[in-house]
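The values are calculated or read from the model by the stated rules, or taken from the named source; none is laboratory data. Since this is a predicted model, take the numbers as computed values, not measurements. When we count neighbours, we look across all protein chains shown, and the Cβ atoms used for this are built from the backbone with ideal geometry, even at glycine.
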Amino acid sequence: MEFGVQLGNLEPAQYRANAQAAEALGYDLIVFPDHLVNEGPDKQMDPKSKAYDHIVMAAAVIDATKKIRVGHLVLCNLFRHPAITAQSLMTLDHLSGGRLVAGLGSGWTETEFKMSGIPFPPITERLRMLDEAMACILSLWKNEKTTFDGEFYHFKDAILWPKPIQQPHPPIIVGGGGKGLLRIAAKYADYVNVVPDAGKRGYISMEVARKMTNDSFREKVSFIRDEAKRNGRKPDAVRISNFVFMTMISESKEASRKTAEMMASMFQQTADEILASPMMLIGTPEECITELKRRAKDWGTSQIIFTGEVGQNEKLMRDLYEKVLKHV
C-alpha cells in the first residue's frame, strides 16, 4: 500500500517543510491540486485562500526532497496545451531524477473558468479533449516525432526532447468519478483516484458527495476493471487510489462512534456508512488500520491519498503515519 498527502493553501516555506516532514516519516507521494481558486462543497469559497502555481511548487518541493514521489492530483487539461503539459512534466521528471507522477484531469471548477474567461465546454467535450490530450502527451514522451490530427489538437512532426527519465513514461494518475472519466482512466492511466463526480455540475455538491459510499466505490472499481479489459488491458492494470478528505484519529471506539453519528445526518447516511465512507477515515488507530486493510481487500485499493488537515498540520501527518499507516 502506498500513502500520499495532498498539499495546498500553504505558504511556500510550508510546502517545503511539510514535504520534507512527509518524506522523513515515510510517505510515498506528495501531490498538489491545480486551481485558480480553492472551492469547497456547494461552491463554498474563501477568496483569500492561497492558490499558487503548483507546477512551480512541485519544482520547489522536488528541490527540497530526495526520494519521495511528487505529482499533481490533478493538472487541469484546459489550463494548458498538451505540448506544454508534456514539456512541463518531462522537466519535472528530470528535476526529480525520475520521481514524477503525472496527474491529469478534465477540469471541473466552473467558477474559475467564468472569472477568468477560459472556455469551459460541457463535460462530454472536456472529456474528448482530455482523451486527445493524453494520446498526444504519451506520443510526445515516447516517439521521435508526433503527428496527430484530432478534433481539438493538431500536431505535425512535433518533437519533444529530452524524453522523460521514466520509461516508457512517468506513471499516470487520473482523478474523477463519472463514467466518462473512468473510461479514459481505464484506457491510459496507471492509477485512478476515485472521487465524487463533479464534472457535469461544475462544482462538488453535497448531494453527489452523499452518494459516495462503500457500495458505490466498489461499483466504480468494477466498472474500471471492465473498461480496462475492454481496452485490451489486464483488469488490474489500473491501480485503485482512494482520496480521503477527512481524517480523525479517535481516542476510543465510543468517540469514533459519536463522531460518525454526528456526521450521519449531514450526509444522510448511517453511522456505519460514515465509518466505511471512501471520503473519510475515522477511528482509533486500531480501527483505522483495520479499515484501511478492508479497503485494500474489498476495493482493491493500493494507494491512499490524504488531503485537508493532514497536508496542513504536521502533527496530524505524523500521528497518522506513526499510529496507523506504518502498521497497515
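Quick check on this structure: which one of Gln20, Gln44 is modelled with pLDDT under 95 and out of contact with any strand residue (DSSP E or B) (no Cβ under 9 Å at 6 or more places or on another chain)?
Gln44
So, in region 209-233, of the ones that are crowded, with 17+ Cβ neighbours inside 10 Å and outside any helix (DSSP H, G or I), which residue ends up nearest to the chain's Cα centre (by Cα)?
Among those residues, the one meeting the criterion is Met212.
Can you tell me which residues in region 266-286 are in contact with a helix residue (DSSP H, G or I) (Cβ under 6 Å, 6 or more places away or on another chain), over 29 Å from Val238 (Cβ atoms) and of a type outside the set (S, T, N, Q)?
Within region 266-286, Ala271, Pro285 qualify.
Got a sec? Which strands (runs of 3 or more DSSP E) wholly within region 127-208 have at least 2 residues that are crowded, with 20+ Cβ neighbours inside 10 Å?
Because the criterion is at least 2 residues that are crowded, with 20+ Cβ neighbours inside 10 Å, the strands (runs of 3 or more DSSP E) in region 127-208 that meet it are 172-176, 191-194.
Filter region 291-324 down to the residues that are farther than 28 Å from Glu39 by Cα and in contact with a Gly (Cβ under 8 Å, 6 or more places away or on another chain) and list them by number.
Glu291
Touching a strand residue (DSSP E or B) at 6+ places or on another chain (Cβ under 8 Å) and either of a type in the set (Phe, Trp, Tyr) or farther than 25 Å from Phe245 by Cβ (or both): does that describe Phe32?
For Phe32, the condition - touching a strand residue (DSSP E or B) at 6+ places or on another chain (Cβ under 8 Å) and either of a type in the set (Phe, Trp, Tyr) or farther than 25 Å from Phe245 by Cβ (or both) - is met.
Would you mind finding the one in Met317, Met263 that is within 11 Å of Thr247 (Cα to Cα) and touching a helix residue (DSSP H, G or I) at 6+ places or on another chain (Cβ under 8 Å)?
So the residue among Met317, Met263 that is within 11 Å of Thr247 (Cα to Cα) and touching a helix residue (DSSP H, G or I) at 6+ places or on another chain (Cβ under 8 Å) is Met317.
Say whether the condition of being closer than 26 Å to Phe245 by Cβ, out of contact with any strand residue (DSSP E or B) (no Cβ under 7 Å at 6 or more places or on another chain) and modelled with pLDDT of 95 or more is met by at least one residue in region 82-97.
Within region 82-97, not a single residue is closer than 26 Å to Phe245 by Cβ, out of contact with any strand residue (DSSP E or B) (no Cβ under 7 Å at 6 or more places or on another chain) and modelled with pLDDT of 95 or more.
Taking region 278-310, which residues are small (Gly, Ala, Ser) and at pLDDT 95 or above?
Answer for region 278-310, where residues must be small (Gly, Ala, Ser) and at pLDDT 95 or above: Gly283, Ala296, Gly300, Ser302.
Write out, first by first residue and then by second, each pair whose Cβ atoms fall under 6 Å of each other, whose residues are 6+ apart or on separate chains, and whose first residue, in region 309-328, is more than 15 Å from Glu23 (Cα to Cα) while the second is of a type in the set (A, V, I, L, M).
Glu309/Leu316; Val324/Ile289; His327/Ile289; Val328/Met1; Val328/Ile289; Val328/Leu292
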